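Each remark here refers to the structure printed beneath this line.
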Amino acid sequence: MKNPTAMQSTTSSELATLISDIAQTDGDYPTSIPALMLYRRSAATDPMPCIYGLGLGLAVQGGKRVTLSDAIFDYGPGTSLLTAVDLPVVSYVTKATIAEPYLGLRLELDARTIAHVCAEMDLSPRTKAVPTRALAVVTLDEGLLQAIIRLVKLLHEPQLTLHIAPLIQQEIVVRLLHSEHGPALRDLVATGSPSQQIAKVMTWLKLHYPQRISMDELAQKAHMSPSTFRHHFRAISGMSPLQHVKNLRLQDARQKMLNEAVDATTAAVQVGYESASQFNREYTRLFGAPPLRDIKRVRSRSE
């Protein structure tokens with residue numbers, strides 16, 4: 001009988017080869033399956049704030065770290081990272097060389113598919129009233145790994161992708177619901193659950209964060225008292241609602257300065273800051289340098 005660990009090592013190597021064949025140089029690789037993105041890096045990267053939405057991430061070769069407020073999540077071969085709601089995180093590759101580059105993938109998940117599958121599956125009801133943290137790293141089981149391999153292999157059969165990819169993606173959702181990631185996904189789509197209500201508020205914030213925002217108004221949107229809203233928001237996202245809004249604003253301001261060449265004062269106003277000094281303080285706290293110095297540093301490293 002084959003050793004399960006050895007079997008997973010073999011299948012992980014197979015997936016690494018499949019990704020490497022497509023991602024032959026450093027970069028991000030969109031695929032013909034819209035929800036699937038492949039990645040390759042030949043060296044460790046700088047921490048980069050970004051938004052992780054509902055999706056599954058694998059570091060097939062090398063290692064990666066994601067930080068959410070004060071929590072640190074390291075993952076590599078044999079593990080998987082799931083994000084159940086939109087979260088402002090800091091992400092970076094920690095282990096990569098030219099000889100053994102970092103190879104990874106991210107598969108975006110669809111909440112409607114998850115809700116549909118949950119309705120069809122005979123899942124035992126959740127007994128915990130406390131919401132599950134919306135970001136977690138757990139062991140990657142062999143069945144899920146095999147399904148992901150079949151999805152990546154499908155990229156070489158474009159004539160079949162349109163019809164078969166949705167079936168494999170649904171299988172992946174089924175396997176996730178039966179895995180350690182299951183509770184977080186079930187909470188997300190359970191009607192009226194705290195996780196579903198908080199997820200709706202996060203979706204609203206993603207579109208409206210430059211506006212003046214009242215925490216009481218957000219609590220009303222979640223149909224909760226302010227104290228209950230703050231408690232559930234922190235339990236799910238790992239940070240307070242105010243910190244979540246700050247991170248959304250600061251990350252958007254940084255992108256505006258990098259991609260649209262706007263100055264720090266203009267970016268601050270566009271994302272909802274009324275005080276330039278407050279913007280500079282909070283920007284420095286998140287990115288480790290004042291806006292001007294940080295933007296120069298990022299641009300110099302990309303040249």
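The table below lists the values:
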{"quantity": "Residue identified as over 30 Å from Thr25 (Cα atoms) and of a type in the set (Val, Ile, Thr) among Val137, Val93, Val85", "calculated": "Val85"}
{"quantity": "Matching residues in segment 227-258 - criterion: being more than 22 Å from Val271 (Cα to Cα) and in contact (Cβ under 8 Å) with a residue 40 or more places away in the chain", "calculated": "His232, Ala235, Ile236, Gly238"}
{"quantity": "Residue check for Met202: in contact (Cβ under 8 Å) with a residue 60 or more places away in the chain, under 19 Å from the mean Cα position of the chain (by Cα), over 30 Å from Thr17 (Cβ atoms) and assigned to a helix (DSSP H, G or I)", "calculated": "yes"}
{"quantity": "Whichever residue in segment 60-113 is of a type in the set (Ser, Thr, Tyr) and under 15 Å from the mean Cα position of the chain (by Cα) and, among such residues, is farthest from Leu248 (Cα to Cα)", "calculated": "Thr79"}
{"quantity": "Hey, Ile149 assigned by TED's automatic domain parsing to the domain that holds Gly53 and either at pLDDT below 90 or surrounded by fewer than 21 Cβ atoms within 10 Å (Cβ to Cβ) (or both) or not", "calculated": "yes"}
{"quantity": "Long-range neighbours under 7 Å by Cβ, at least six apart or interchain, first residue in contact (Cβ under 8 Å) with a residue 60 or more places away in the chain within segment 208-226, second among the β-branched types (Val, Ile, Thr)", "calculated": "Tyr209/Val245; Pro210/Val271"}
{"quantity": "Yes/no for Ala261 being part of a helix (DSSP H, G or I) and without any contact (Cβ under 8 Å) to a residue 60 or more places away in the chain", "calculated": "no"}
{"quantity": "Residues (assigned to a helix (DSSP H, G or I) and either surrounded by fewer than 12 Cβ atoms within 10 Å (Cβ to Cβ) or touching a helix residue (DSSP H, G or I) at 6+ places or on another chain (Cβ under 6 Å) (or both)) located in segment 283-292", "calculated": "Tyr283, Arg285, Leu286, Phe287, Pro291"}
{"quantity": "Looking only at segment 152-198, and only at residues there that are touching an Asp or Glu at 6+ places or on another chain (Cβ under 8 Å) and outside the structural domain of Ile114 (by TED's automatic domain parsing), the one that is surrounded by the most Cβ atoms within 10 Å (Cβ to Cβ)", "calculated": "Ser195"}
{"quantity": "Qualifying residue in segment 119-129 (condition: under 17 Å from Val60 (Cβ atoms) and of a type in the set (A, V, I, L, M))", "calculated": "no"}
{"quantity": "Residue, farthest from the chain's Cα centre (by Cα), within segment 215-239, restricted to residues that are assigned to a loop (DSSP other than H, G, I, E, B) and under 29 Å from Val66 (Cα atoms)", "calculated": "Ala222"}
{"quantity": "Criterion: crowded, with 21+ Cβ neighbours inside 10 Å and among the small types (Gly, Ala, Ser) - qualifying residue of Ala59, Ala43", "calculated": "Ala59"}
{"quantity": "Total residues in segment 128-146, condition within 19 Å of the chain's Cα centre (by Cα) and either outside the structural domain of Leu54 (by TED's automatic domain parsing) or not β-branched (Val, Ile, Thr) (or both)", "calculated": "8"}
{"quantity": "Residue match in segment 248-258 (condition: surrounded by fewer than 21 Cβ atoms within 10 Å (Cβ to Cβ) and farther than 20 Å from Val66 by Cα)", "calculated": "yes"}
{"quantity": "Residue match in segment 79-96 (condition: modelled with pLDDT of 95 or more and touching a helix residue (DSSP H, G or I) at 6+ places or on another chain (Cβ under 6 Å))", "calculated": "no"}
{"quantity": "Test set (1) closer than 22 Å to Pro101 by Cα; (2) at pLDDT 95 or above; (3) not charged (D, E, K, R) - Thr45 fails condition number", "calculated": "(2)"}
{"quantity": "Test result for Arg106, among the basic types (Lys, Arg), farther than 25 Å from His244 by Cβ and crowded, with 18+ Cβ neighbours inside 10 Å", "calculated": "no"}
{"quantity": "Residues (among the hydroxyl-bearing types (Ser, Thr, Tyr) and either assigned to a strand (DSSP E or B) or under 21 Å from Leu258 (Cβ atoms) (or both)) located in segment 34-43", "calculated": "Tyr39"}
{"quantity": "Residue that is among the basic types (Lys, Arg) and either within 26 Å of Asp21 (Cβ to Cβ) or out of contact with any Leu (no Cβ under 7 Å at 6 or more places or on another chain) (or both), where the choices are Arg186, Arg150", "calculated": "Arg150"}
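The values are calculated or read from the model by the stated rules, or taken from the named source; none is laboratory data. None of these values were measured; they are calculated from a predicted model. Using ideal geometry, Cβ is built from the backbone for each residue, glycine included, and neighbour counts are taken over all protein chains shown.
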